Amino acid sequence: MSTQQPQDPRNGPPQQQYPPQYPPGQFAPYPPYQPQPTSGKAVASMVTGIASLVIPFIGIVTGPLAIVLGTRARSEIQRTGQKGDGLAIAGLVTGIIGCVGYAIFLVLLIIGATTGS
């Protein structure tokens with residue numbers, strides 16, 4: 001004679017009870033929020049692009065630099081998921097405008113020098 005009672009197969013094995021991690025009524029704290037950093041290349045692209053428009057005669061150097069930094073920043077942002085894509089685009093646009101503006105200025109300067117007496 002067995003002292004154990006037969007188990008009902010519909011109930012399955014007994015469930016294991018886990019102790020709660022926190023007392024009832026309290027919740028686990030949220031992990032600290034860590035925002036994605038902004039790409040430094042994107043910021044540098046925008047700054048050099050604006051400098052190519054604002055500071056006279058420096059746009060010859062900073063315009064192409066803004067274009068290079070902007071394109072590298074955009075590829076880095078797409079690869080790493082950082083913030084700053086708008087800054088990189090702004091640097092590209094202002095760098096292109098600065099380069100085109102100074103190219104037109106140089107063409108007009110050369111035309112004026114050759115036609116003047």
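Structure notes:
- Peptides ranked, highest mean first, by Cβ atoms within 10 Å: ranges 96-103, 34-41: 96-103, 34-41
- Label-point separation in nm, LEU106 to THR71, each point 7 Å along Cα→Cβ: 1.7
- Cβ crowding within 10 Å averaged over residues, with 54-65, 84-95 ranked highest first: 84-95, 54-65
- Highest-first arrangement of 105-112, 75-82, where packing means the average Cβ count within 10 Å: 75-82, 105-112
Any read-out appearing in this document is the output of simple, stated calculations on the displayed coordinates, not a laboratory observation. As the structure is a computational prediction, the values presented were derived from the model and not from experiment. Reconstructed Cβ throughout: ideal geometry from the backbone, glycine too, with neighbour counts over all protein chains shown.
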